[in-house]
Structure formats: structure tokens, C-alpha cells
1. Taking A152, is it among the hydrophobic types (A, V, I, L, M, F, W, C) and surrounded by fewer than 17 Cβ atoms within 10 Å (Cβ to Cβ)?
2. Give the residues of the stretch 26-42 that are within 20 Å of P200 (Cα to Cα) and open to solvent by less than 30 Å² (accessible area, probe 1.4 Å), sorted by residue number.
3. Pull up the stretch 181-202, narrow it to residues that are in a loop (DSSP other than H, G, I, E, B) and more than 11 Å from the chain's Cα centre (by Cα), then point me to the one that is surrounded by the most Cβ atoms within 10 Å (Cβ to Cβ).
4. Of A167, A147, A162, which residue is of a type outside the set (K, R) and either open to solvent by less than 20 Å² (accessible area, probe 1.4 Å) or assigned to a loop (DSSP other than H, G, I, E, B) (or both)?
5. Any idea which residue in the stretch 66-94 is surrounded by the fewest Cβ atoms within 10 Å (Cβ to Cβ), counting only those that are more than 19 Å from P16 (Cα to Cα) and among the small types (G, A, S)?
6. Would you call W178 at negative phi, open to solvent by less than 30 Å² (accessible area, probe 1.4 Å), touching a strand residue (DSSP E or B) at 6+ places or on another chain (Cβ under 9 Å) and not in a helix (DSSP H, G or I)?
7. Of the residues that sit in the stretch 15-25 and are modelled with pLDDT of 95 or more and open to solvent by 50 Å² or more (accessible area, probe 1.4 Å), which one is farthest from the chain's Cα centre (by Cα)?
Amino acid sequence: MAKTSTAPALVPAPLPVPAQTVLGVPLALTDYSSTLDWIDGSIAARHPGYICVAAVHTVMATQEDEELRSAVLASDLTVPDGQPLVWAMNLLGHSLPSRVYGPDLFMYACQRAARTGARFYLYGGRETSLERLRTELPRRYPGLKLAGVEFAPFRELSDDEAAETVARINASSADVVWVGLGVPLQEKWMARMRERLDAPVLVGVG
């Protein structure tokens, strides 16, 4: 008699999100709920990807900064953080109800992760803000799992610093790394670090 396989079924990677190009930047036709579903799907499939959260400034900066442009174009989805971007997309024939504002996306993600058990790593930002988040988030969202909270300099890392950062984040078994370095550092950081990190999802929200 043939053995019955006990291996878990493979979870397919989430489908690509349709986008509308504005000034050369493909902006995802999505909302908060759909973006969170994409994050959850990527975690379940262990599909490596990253999300850029684009304000008008980000889109404009890509016109002159080639490395930033390459990083944004390589993302799995770039969500429209700026309301003027939503207006432009709707003028082009869509009906998005609102922007996907980075801080709100993060809070909605914390609320959902408190139920699903997804492990978050907070990277970057000011030390005082990070310490406040370390204390406040588990209180506000009981059950939320913080895999790590790490201050980072607002500059490009040296090779040694990057290797140490990769080791710490991978050791944490994080599912999502929230990167708060500001534009354009966070987008470039995600593009450079994506292949070295085990966490399925990186999100730039600084």
C-alpha cells in the first residue's frame, strides 16, 4: 500500500496587484484591507516581497534619483499614500475610496496581527519613538508579537553593519519588517536587503 504524504500543501504566492502608472510609477489599485490580505498571503506562502508606501514626494523624487526609482519599480506593490495620487488615479478611470496612509496601514496591520500571530520587527526611526512603540503597541493590541525593535542610523550601512543587521533580523523569525528610515533611504534599504532577509514581507513606512 502506498504511503500517504503528510507534507503540508504548498500555499500559492499572492496574485500581483493591478496598478495604474502615474509619472512612471505603478501605483497599486488597492485599499487597506486588500493590502493587508496581500501581506497575510505572502506570509502564508513565505513569498519574499516588499511594499513601498508612496507619497507625492516619493513619486517626484523618483524622477531624479535613479536608485530610488529602481527600488520603487522593483517593489511588489507601491501603495498610494498621498491623496493627490488617488485623485490622479481616479481621474484616469478608477474609483479608489481613499489613500493607503502609511501610519494607518501600520496600525491596521497591528490590529490584524494581534489575531493572526504574525511577528513584526520594527527597524529604524528615532530611539524615543521606538521605545514608546515597544511599550505601547502590546498594550493597545493584546496578543501582538514584536519579534524585535531596533534603532538604525539615517544613513547607508557599512558592510559589517548590514551583515549584523541581517543576522539580528533573521534570528528574530520575523514575518514582517516595518522599515522607518524615511524616503529614499527605506526604499533603497529594502531593495538592497530583500534577498538577504528571511522575513517574507518588508514595508517602508518612515
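1. Criteria not met by A152.
2. Here is the first cut: in the stretch 26-42, the residues within 20 Å of P200 (Cα to Cα) are 28, 30, 32-42.
Correct list: A28, T30, T35, L36, W38, I39, G41, S42.
3. The extreme case among them is L181.
4. One residue alone meets the criteria, A162.
5. Per the criteria, the residue is G93.
6. Taking the combined requirement at face value, the residue satisfies it.
7. The qualifying residue farthest from the chain's Cα centre (by Cα) is L23.
So that you can scan it fast, the table gives a plain yes or no per residue for (1) open to solvent by 30 Å² or more (accessible area, probe 1.4 Å); (2) acidic (D, E); (3) within 21 Å of T165 (Cβ to Cβ); (4) in contact (Cβ under 8 Å) with a residue 24 or more places away in the chain:
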residue: P97; (1), (2), (3), (4): yes, no, no, yes
residue: D104; (1), (2), (3), (4): yes, yes, no, yes
residue: M107; (1), (2), (3), (4): yes, no, no, no
residue: R115; (1), (2), (3), (4): yes, no, no, yes
residue: A118; (1), (2), (3), (4): no, no, yes, yes
residue: Y123; (1), (2), (3), (4): no, no, yes, yes
residue: E127; (1), (2), (3), (4): yes, yes, yes, yes
residue: T135; (1), (2), (3), (4): yes, no, no, no
residue: R140; (1), (2), (3), (4): yes, no, no, yes
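The values are calculated or read from the model by the stated rules, or taken from the named source; none is laboratory data. These figures come from a predicted structure and were not determined experimentally. Quick reminder, even Gly has a Cβ in these numbers, built from the backbone with ideal geometry, and neighbours come from all protein chains shown. All accessible areas refer to the heavy atoms of the entire protein, side chains included, with ligands and DNA or RNA removed. Shrake-Rupley method; radii C 1.70, N 1.55, O 1.52, S 1.80 Å.
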